[in-house]
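Peer 1: The structure follows.
The values are calculated or read from the model by the stated rules, or taken from the named source; none is laboratory data. From a predicted model like this one, the values you see are computed outputs, not experimental measurements. Glycine gets a Cβ as well: all are built from the backbone with ideal geometry, and neighbour counts include every protein chain shown.
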Amino acid sequence: MRDQQPSMTDNKTIESVYGSACERFSAFGIDVEGALERLDAIPISMHCWQGDDVLGFEKGAGPLTGGIQATGNYPGRARTADELRADLDLAMAQIPGAKRLNLHAIYLESEAPVAREAIEPRHFTGWVDWAKERKVGLDFNPTCFSHPLSADGMTLSHPDAAVRDFWIAHCQASRKVSAFFGETLGTPSVMNIWLPDGMKDLPADRFAPRERMADALDAVIADKLPREHHKDAIESKLFGLGLESYTVVSGEFALGYATSRDILLCLDAGHFHPTEVISDKISSTLQFVPELLLHVSRPVRWDSDHVVLLDDELQAIAVEIVRGGALDRVNIGLDFFDASINRVAAWVIGTRNMRKALLRALLDPTTALRKAEAERDFTTRLATMEEMKSMPWGAVWDFYCLSRNVPVGLDWLEPIRTYERTVLSKRKAA
């Protein structure tokens, strides 16, 4: 990594520019301080798998499978749970606002191998203790990939009942872990079920796998758990490596299942057709499901899970949530894994961008825009929307970081560089 950048922090200048920005926003009827208070309370669930390339800590684990691929070989991948937690600590220290951590089942801690259907809360007590100390919530996912019984591309839809039963048992065990998180930490754990089921080439029968999938999922969620501890979500996918022609849990399947079973729908930004965006799906799907889970990612040509940028779609996602008054019904999580750059920096870049997008959305003159729209004054609506793009939201962001004791501008990069020199560079590839 390159030499240190000059510090971005000049407290008096930041405070002065912030004051001027507040005046500009006030002219549009926007309470900046109120927006920052709201922003602070919106949790973003960071994904553990950015730190170790989705490999996890199972004893004797095999290669990454299920249409998933982490590309790159940047040095410093976390090899143990303690290393991953240390990396997360550094990343979280650079990010303002409320945070959560999203875990997969393969991130358990055990001296002996543990079968997937045998995981228990005790295998995750290290994560719970860590979360308690840092006052962050935990979310969870069953891991239905990278396993001998998922090798042929089928899990809960497998034609062999014994294989289906194995994955049902794993998902049921995962729900107990998730509920343990929620009860222990006092904040509900969202457990997302993503299945890699599909086929590389055209199937002769699309119906039977989906019928088996629906029945298996019903068995998974049959035991009703308190929503104050645990929330179920289901996620669709368009295709993956080795699953190019058919996925069992398509967008329509996931939407239909979530609405009919009264569970959360997970919208992953990379899991739809390249011409689709999830920002437009938020207002539609919230008409029919109680809550949404978002996996905010950045697809490039396919579901490649690039680090989230502050681009038009990310901003549109944040605006839809805020304008729709849906902050209490949308659970925001991240999902990317880039092994071509410093993994800790990737977390920081992506998570800060998500919060920047939320800030810009909270500084939006929603009331004035709705009034103009209701009066069919589309000229004022468009002019106002465009004017807001050049408003000094960056000055507000800098003050927000300063006032929350996290680095301003690129000042977060130097701690990452130091950590790379002193810690990451000494890790040998496992």
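Peer 1: Condition test on G126, is it surrounded by 14 or more Cβ atoms within 10 Å (Cβ to Cβ), more than 14 Å from S174 (Cβ to Cβ) and either touching an Asp or Glu at 6+ places or on another chain (Cβ under 9 Å) or of a type in the set (S, T, Y) (or both)?
Peer 2: Against the criterion (surrounded by 14 or more Cβ atoms within 10 Å (Cβ to Cβ), more than 14 Å from S174 (Cβ to Cβ) and either touching an Asp or Glu at 6+ places or on another chain (Cβ under 9 Å) or of a type in the set (S, T, Y) (or both)), G126 qualifies.
Peer 1: If you take the residues of region 371-410 that are in a loop (DSSP other than H, G, I, E, B), in contact with a Pro (Cβ under 9 Å, 6 or more places away or on another chain) and of a type outside the set (A, V, I, L, M, F, W, C), which of them is surrounded by the fewest Cβ atoms within 10 Å (Cβ to Cβ)?
Peer 2: N405
Peer 1: Being among the hydrophobic types (A, V, I, L, M, F, W, C) and in contact with a Leu (Cβ under 7 Å, 6 or more places away or on another chain) is true for just one of L264, L327. Which residue is that?
Peer 2: Of the residues listed, the single one that is among the hydrophobic types (A, V, I, L, M, F, W, C) and in contact with a Leu (Cβ under 7 Å, 6 or more places away or on another chain) is L264.
Peer 1: Scan region 32-55 for residues that are at pLDDT 95 or above and among the charged types (D, E, K, R) and report the count.
Peer 2: 4
Peer 1: Return the only residue of A115, A131, A105 being crowded, with 17+ Cβ neighbours inside 10 Å and over 15 Å from M46 (Cα atoms). Give the derivation first.
Peer 2: Numbers: A115 fails: crowded, with 17+ Cβ neighbours inside 10 Å; A131 fails: over 15 Å from M46 (Cα atoms).
Going through A115, A131, A105 in turn, the sole match is A105.
Peer 1: Could you check how many residues of region 41-55 are buried (at least 24 other Cβ atoms within 10 Å of the Cβ), more than 16 Å from A93 (Cα to Cα) and over 11 Å from the mean Cα position of the chain (by Cα)?
Peer 2: 1
Peer 1: Scan E276, E252 and give me the residue that is surrounded by fewer than 17 Cβ atoms within 10 Å (Cβ to Cβ), at pLDDT below 95 and acidic (D, E).
Peer 2: Exactly one residue qualifies, and that residue is E276.
Peer 1: For region 385-418, give me each residue that is of a type in the set (S, T, Y) and either modelled with pLDDT under 95 or within 15 Å of L359 (Cα to Cα) (or both).
Peer 2: S390, Y400, S403
Peer 1: Right, here's the next one. So the check is Cβ under 6 Å with 6+ separation or different chains; which pairs have a first residue in region 54-83 that's more than 21 Å from L243 (Cβ to Cβ) and of a type outside the set (G, A, S) and a second one that's assigned to a loop (DSSP other than H, G, I, E, B) and modelled with pLDDT under 90?
Peer 2: From region 54-83, the pairs are R77/D53; R79/A430.
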